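Single-structure report; data block below.
The values are calculated or read from the model by the stated rules, or taken from the named source; none is laboratory data. Everything numeric here is computed off the predicted structure, so don't read it as measured data. Reconstructed Cβ throughout: ideal geometry from the backbone, glycine too, with neighbour counts over all protein chains shown.
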Amino acid sequence: MLNSLTSCLLLAVAPLGISAQGATGCTRDFLQAAADTLVAAQTAGNPSLLAPVSSNAVYHENFKAAALTSGSLSRAVKVDHSRHSLDTIQCATYTEIISATGSKPYVIGVQLFFTDLKVSKIDLLSTTTGDWLFNATGTLNWARKEDWGVIPEAQRDSRAVIKAAGDAYCDIFSNKTVVVPWGRPCARLEGGAYTGNGGPNDRCDVGIPSGVSLVDRRYVIDETVGAVSIFLSFSGIPDSHEFRVEGGKLRFVHTITVMNTGGGSGKGKGKKRRVIRGHE
Ligand SMILES: *[C@@H]1O[C@H](CO)[C@@H](O)[C@H](O)[C@H]1NC(C)=O
Ligand SMILES: *[C@@H]1O[C@H](CO)[C@@H](O)[C@H](O)[C@H]1NC(C)=O
């Protein structure tokens, strides 16, 4: 009796627990452990290793409702590299997974959203051979060279500044008057192609197309590493843009763009060719 009364009271006050500190109990350790189970699940090809998951969790793969039990996590993938962003304010994570040395190459991005400390939404983007500029070997090489490490507290940007930098980049595809805080150096890793060479003169303000709407944005922000993950519709194509922001300026941009939607027809490819002519 007392127990059930106590849990009712806890449920009733739970919404009040969401504050500037984030959701109650949603610590970095909690998010790290949960995101680690995602990588374990993908490695083993066993979706049931992902935990803790709500019984009514929503699973989207390449922006379509799908079954978690038969989706990407049910394929064992050799994970060569993974990196998490942890968002204690929203209680969410973003994980980048690169597999270049297994039997089939993959670059995978996953946003997890938690409710009451259980995964309530899984949004997974999976790319492989045939997707936009796909080259997992290139992705792995460049991703390993970059420093996405923790930024000393005194030098960290606010969530608002990090989000605004990512948004400005996404906005300029449709509005050339937007001022983007370009860093120098700054490098873009897209599919497996790199706009720089890892040197001090790398730049990101090259080959940006126009007339493309990057909309329906879902964010995961980790200010300890200056990162914002944005899942978005790239004129209808499922897409992930992730940014590393340093001193208010863009340092790295990673994209994952899914072309092989709709039963592997690759239908989006011609469309993206048309909208991204500037990249080629
Ligand atoms: C993929 O990237 C690697 C490493 O950057 C490069 O050596 C290789 O030529 C690329 N493959 C293709 C098909 O572009
Ligand atoms: C384009 O960006 C400018 C600068 O941020 C802004 O003032 C303007 O409203 C934007 N235009 C549209 C159509 O969104």
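Quick look at the values:
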{"item": "Matching option when the condition is β-branched (Val, Ile, Thr), within 16 Å of ligand 1 (Cβ to nearest atom) and buried (at least 17 other Cβ atoms within 10 Å of the Cβ), among Val180, Val212, Val119, Val107", "result": "Val107"}
{"item": "Condition check for Asp171: modelled with pLDDT of 95 or more and on the phi > 0 side of the Ramachandran plot", "result": "no"}
{"item": "Selection count where residues are at pLDDT 95 or above, not in a helix (DSSP H, G or I) and not small (Gly, Ala, Ser), scope region 1-55", "result": "6"}
{"item": "Test for Asp167: is it in contact with a Leu (Cβ under 8 Å, 6 or more places away or on another chain) and among the acidic types (Asp, Glu)", "result": "no"}
{"item": "Enumeration of residues in region 183-208 that are within 16 Å of ligand 1 (Cβ to nearest atom) and either outside any loop (DSSP other than H, G, I, E, B) or in contact (Cβ under 8 Å) with a residue 12 or more places away in the chain (or both)", "result": "Ala187, Arg188, Leu189, Glu190, Gly191, Gly192, Ala193, Tyr194, Thr195, Gly198, Gly199, Asp202"}
{"item": "Selected residue [assigned to a loop (DSSP other than H, G, I, E, B) and in contact (Cβ under 8 Å) with a residue 40 or more places away in the chain] from Val119, Val110, Val150", "result": "Val150"}
{"item": "Residue that is surrounded by the fewest Cβ atoms within 10 Å (Cβ to Cβ), among those in region 147-177 that are within 16 Å of ligand 2 (Cβ to nearest atom) and among the aromatic types (Phe, Trp, Tyr)", "result": "Phe173"}
{"item": "Cβ-Cβ under 7 Å pairs, at least 6 apart or on other chains, region 225-252 side touching a residue at least 24 places away in the same chain (Cβ under 8 Å) and within 10 Å of Trp148 (Cα to Cα), far side assigned to a loop (DSSP other than H, G, I, E, B) and of a type in the set (Asp, Glu)", "result": "Gly226/Asp157; Val245/Asp157; Phe252/Glu146"}
